[in-house]
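Note sheet for the following structure.
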Ligand code: CP
Ligand code: NVA
């Protein structure tokens, strides 16, 4: 199956989007299908206020441009309302527990909480204690919304996901984890190309390999050869200390014109952003016509609107 042959059901059997591990291929196709419909509706100027009167709280304990703006604009376009809750301003940042925060927000009738934070276990605790949908807006381990927007972008570009060679270069981080889950579940051939010592979490690799084709390699040539998509992310994720040894290890995994030359002639470059030109990618690649970074960033809006529609219209109380 691929997105185009999927028959939408208008629902998914999940209350939350925490990590993609428990999402089936059909759940993912459902999201991508609805994202396409919502994108078309927006472009045609058609109203699509499917979340009228609903409230999304957005908790951030790390910085953000794309996640914050796309969720806030997304819920607005769906007729709902967003509350931006920076941990600098709310009591969570002064040690109030996740459990108490969840209990309080539940009492105010919040329908969904998007949370960006460090520990995955905090996101999971929020989901288990609150009476609302929880959407993971990035943790140290996962970034599911970005990965869903990324595969939606690949689908738009190539008209399919099955058998696309999708190669990620660099740190085996939250992006690598979410991309291999999303890619494996949708029939892509995912390559994670990382140096020794910076590979993705082996438990997540094993989980992804049970669902599809994932190869972990330290060979840039193997990953880049005939690839349809070249993807990279920063050397240092939010919250990580700069470390010269890591820079030295990751520099040979930079996506540059030599890497691009090994890829398929129609290959595209992707990056979740923010990017550091001269580190994980060179200017001549990220600023070239092969780069689809702004289409990718825009698709965060459409895909997250689909996620919100599918999760926030449910009864959580
Ligand atoms: N890609 C992404 O999540 O960007 P922000 O950190 O700006 O939200
Ligand atoms: N790996 C990066 C992704 C940013 C969107 C980080 O966690 O900082």
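Derivation of every value follows stated rules applied to the coordinates shown; laboratory data play no part. Not measured: the values here are computed from a predicted model. A quick note on method: Cβ atoms are made from the backbone with ideal geometry, for glycine too, and the neighbour counts reach across all protein chains shown.
What does region 74-140 give for Rg and for Dmax, in Å, if only its C-alpha atoms count?
In order Rg, Dmax, the Cα atoms of region 74-140 give 11.7, 34 Å.
Whole percent per 20 Å bin, from 0 to the bin with the longest distance: what is P(r) over all C-alpha pairs of the chain?
Spelled out per bin, shortest first, that is 34, 58, 8.
Note down the Stokes-Einstein diffusion coefficient of region 87-126 in µm²/s, whole number, using a Kirkwood radius over alpha carbon pairs, 25 °C, and 0.890 mPa s.
Rounded, D is 229 µm²/s.
Between the helical axis of 202-211 and the dominant principal axis of the chain, each derived from Cα atoms, what acute angle in degrees is found, rounded to the nearest 10?
Between the helix axis and the principal axis of the chain, the angle is about 90 degrees.
Please identify, among 65, 117, 139, the residue showing maximal mean-square fluctuation in a Gaussian network model of the chain using a 10 angstrom Cα cutoff.
Comparing 65, 117, 139 in the GNM, the peak value goes to 65.
Specify the angular offset, from 0 to 90 degrees and rounded to the nearest 10, of the alpha carbon long axis of helix 293-312 from the longest principal axis of the alpha carbons in the chain.
Roughly 30 degrees, rounded to the nearest 10.
When the chain is treated as a GNM, springs tying every alpha-carbon pair under 10 Å, which of 148, 32, 78 comes out with the largest mean-square fluctuation?
For the chain, modelled as a Gaussian network with Cα springs under 10 Å, the answer is 78.
Tell me the Kirkwood radius of region 42-166: reciprocal of the mean inverse pair distance over distinct alpha-carbon atoms, in Å. Display every interim value, and only then the final one.
Numbers: mean 1/r = 0.0633 Å⁻¹.
One over the average 1/r among Cα pairs gives 15.8 Å for region 42-166.
Sort 259, 220, 123 by Cβ crowding within 10 Å, fewest neighbours at the top. Working shown, then result.
Working: 259 25, 220 19, 123 29.
With the fewest neighbours first, 259, 220, 123 line up as 220, 259, 123.
Okay, helix-only estimate at 222 nm for the chain: each DSSP H run of n ≥ 4 adds -39500 (n - 2.57), divide by all residues, round to 500 deg cm²/dmol; what do you get?
On the way: 12 runs with 130 residues, N = 317.
Per the formula, -12500 deg cm²/dmol.
Determine the shape class of region 120-220: with a ≥ b ≥ c the square roots of the Cα gyration tensor eigenvalues, call it rounded for a/c under 1.5, and otherwise prolate if a/b is greater than b/c, oblate otherwise. Before the final figure, lay out each step's value.
Numbers: a/c = 2.16, a/b = 1.35, b/c = 1.60.
Oblate.
Considering the Cα trace of region 183-317, what is its radius of gyration and what is Dmax, both in angstroms?
Reported Rg and Dmax, both Å: 16.7, 55.
Among rounded, prolate and oblate, which fits region 1-70 when a ≥ b ≥ c are the square roots of the eigenvalues of its C-alpha gyration tensor, a/c under 1.5 means rounded, and a/b larger than b/c means prolate?
Details: a/c = 1.80, a/b = 1.18, b/c = 1.53.
Since a/c reaches 1.5 but b/c is at least a/b, the shape of region 1-70 is classed as oblate.
Distance between Cα centroids, region 21-38 to region 80-156: provide it in whole Å.
Cα centres, region 21-38 to region 80-156: 20 Å.
Fewest first, what order do 11, 46, 185, 160 take by the number of other Cβ atoms within 10 Å?
46, 11, 160, 185
Against the globular-protein guess of 2.2 N^0.38 Å, express the Cα radius of gyration of region 32-85 as a ratio, rounded to two decimals. Kindly include the intermediate steps, with their values, before the conclusion.
Values: Rg = 12.1 Å, N = 54, 2.2 N^0.38 = 10.0 Å.
This ratio for region 32-85 stands at 1.21.
Calculate the radius of gyration of the Cα atoms of region 1-40 to one decimal place, then report Dmax, the largest Cα-Cα distance, as a whole number, both in Å.
Rg, Dmax (Cα atoms, Å): 10.2, 29.
Over all directions, the average projected area of the alpha-carbon convex hull for region 223-280 comes to how many nm²?
On the way: hull surface 16.6 nm².
So the Cα hull casts an average projection of 4.1 nm².
Got a sec? How would 283, 241 order by Cβ neighbour count within 10 Å, fewest to most?
Values: 283 11, 241 6.
Final ranking by Cβ density, sparse to dense: 241, 283.
Pick from 176, 306, 245: which is most flexible by mean-square fluctuation in a GNM of the chain where alpha carbon atoms under 10 Å apart are linked?
So, out of 176, 306, 245, the one fluctuating most is 245.
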